[in-house]
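Working notes, beginning with the structure itself.
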Amino acid sequence: MMDQATQTAPDLRTTAFPAEFTPGARNAVTTCLRIQPNEKVTLITDERCLTIAASLVAELERIGCAWNAFVLEALAPRPLVNLPATILDDMETSQVSIFAVEVQPNELHSRMQMTDVVNRRRMRHAHMVNITPEIMTQGMRADFLAIDSLSQAVLDKVRAATYVRATTPAGTDIHAQLNPDYRWFKTSGIISTEKWGNLPGGECFTAPGEVNGVFVVDGVVGDYLCARYGILRDQPLTINIEGNRITRVSSENKALERDFWAYTHTDENSDRVGEFAIGTNIGVDRVIGNILQDEKFPGIHIAFGDPYGAHTGAPWKSSTHIDVVGLEFSIWLGDADGEEQIMRDGQFLIEA
């Protein structure tokens with residue numbers, strides 16, 4: 001089923017795609033979103049992700065559900081100022097939405113317009129931001145049922161903790177005091193109406209009470225800076241955090257240092273730790289330079305900016321949100337009774 005508004009765009013039913021995309025696309029549609037024949041799906045894509053979108057359409061067609069697909073460039077100039085009304089209107093009659101797009105700078109507002117509809121209507125939404133052929137044949141092929149089991153085990157433990165402590169060989173040493181009023185969530189790849197999720201999935205996250213210490217980013221930074229700077233193992237970014245705010249950043253790569261500082265000083269809360277998360281995608285064995293998959297890499301990532309308050313319960317907002325990923329974490333959960341180590345050098349110590 002195609003919407004009239006998309007007739008100027010390529011017909012994704014006849015767009016060729018590599019056969020190796022099929023397992024990942026089937027995982028997304030069948031395992032993660034559990035789309036049923038009697039449901040309707042809104043699929044949002046762009047010119048860079050057409051072949052991936054076509055593989056998803058093939059699975060929607062196989063199931064036999066109703067769907068409308070929208071290619072952003074056919075509807076509005078990029079970078080988007082607002083999400084086109086045609087798409088927002090279509091979402092109002094869908095149970096499921098999929099966003100498979102290579103994002104451009106300053107498009108976060110348009111994505112928030114989309115997720116506002118998702119949250120209000122409690123849609124099952126797959127957020128495949130900056131999805132690539134590499135991710136389709138790696139992270140999207142993971143065993144999401146196993147990841148969900150591990151994520152639940154982690155979730156049970158972190159919900160009982162009052163703080164998280166973590167270190168890495170590169171120099172990360174952070175302490176996150178947890179706020180009992182802020183909720184933890186898992187986005188394991190099994191997507192429900194409770195919380196939309198990124199695909200590939202695999203993380204447990206909250207808004208922290210207060211983070212202090214040093215976070216060394218030897219993995220990747222998020223948003224459009226990820227594509228610009230790639231893997232930071234050889235030129236890491238060191239972030240000093242006091243009272244949940246960035247106090248200083250440093251890197252041998254001065255352009256990265258400047259760009260990250262500017263991004264995290266966009267508004268009054270852009271430099272505030274809004275997300276504290278533990279990656280649980282055990283199907284991912286290395287960072288690849290793409291935040292969509294790399295933030296699911298086993299370990300800790302934090303994000304500065306918006307705390308996803310609609311879910312976590314944090315009462316403040318930001319117009320920005322940028323993740324940072326480190327490598328080879330050792331993680332301890334603490335409470336009044338002591339500490340438990342749940343990860344050593346990047347390997348989980350938990351039996352799921």
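Of the residues contained in the range 11-31, one or more are found to be of a type in the set (A, V, I, L, M), more than 25 Å from GLU194 (Cα to Cα) and open to solvent by less than 60 Å² (accessible area, probe 1.4 Å). ASN82 falls short of the stated requirement of being touching a residue at least 40 places away in the same chain (Cβ under 8 Å) and open to solvent by 10 Å² or more (accessible area, probe 1.4 Å). Determine, yes or no, whether VAL57 is farther than 23 Å from ILE322 by Cβ and not in a loop (DSSP other than H, G, I, E, B). It is true that VAL57 is farther than 23 Å from ILE322 by Cβ and not in a loop (DSSP other than H, G, I, E, B). Inclusion of GLY309 among residues that are surrounded by fewer than 20 Cβ atoms within 10 Å (Cβ to Cβ), more than 24 Å from GLY139 (Cβ to Cβ) and of a type outside the set (Ser, Thr, Tyr) is warranted. Yes or no: the range 334-348 includes at least one residue that is on the phi > 0 side of the Ramachandran plot and open to solvent by less than 10 Å² (accessible area, probe 1.4 Å). Taking every residue of the range 334-348 in turn, none turns out to be on the phi > 0 side of the Ramachandran plot and open to solvent by less than 10 Å² (accessible area, probe 1.4 Å).
When the range 113-128 is examined, which residues are found to be over 14 Å from SER192 (Cβ atoms) and either open to solvent by 20 Å² or more (accessible area, probe 1.4 Å) or among the polar types (S, T, N, Q) (or both)? GLN113, THR115, ASP116, ARG120, listed by residue number.
For the range 293-322, which residues satisfy the criterion of being of a type in the set (A, V, I, L, M) and touching a Gly at 6+ places or on another chain (Cβ under 8 Å)?
ILE300, ALA303, ALA314, ILE322
Among the candidates ILE147, ILE135, the residue that is outside any strand (DSSP E or B), among the hydrophobic types (A, V, I, L, M, F, W, C) and out of contact with any Ser or Thr (no Cβ under 8 Å at 6 or more places or on another chain) is uniquely ILE135.
Restricting the range 225-236 to residues that are in a helix (DSSP H, G or I) and open to solvent by less than 60 Å² (accessible area, probe 1.4 Å), which is farthest from ALA255 (Cα to Cα)? Filtering the range 225-236 for residues that are in a helix (DSSP H, G or I) and open to solvent by less than 60 Å² (accessible area, probe 1.4 Å), the one farthest from ALA255 (Cα to Cα) comes out as CYS226.
From the list GLU47, GLU59, the one residue that fits, being acidic (Asp, Glu) and either surrounded by fewer than 19 Cβ atoms within 10 Å (Cβ to Cβ) or modelled with pLDDT under 95 (or both), is GLU47. Let me spell it out: the conditions are (1) open to solvent by less than 50 Å² (accessible area, probe 1.4 Å); (2) farther than 20 Å from CYS204 by Cβ; (3) not in a loop (DSSP other than H, G, I, E, B), and HIS109 meets all of them except one. Which number is the exception? For HIS109, the failing item is (1).
The values are calculated or read from the model by the stated rules, or taken from the named source; none is laboratory data. Here the structure is a predicted model, which is why all the values come from computation and not from measurement. Cβ sites come from the backbone with ideal geometry, for glycine too, and all protein chains shown count toward neighbours. These area figures cover heavy atoms from the full protein model, side chains too; ligands, DNA and RNA do not enter into them. Shrake-Rupley method; radii C 1.70, N 1.55, O 1.52, S 1.80 Å.
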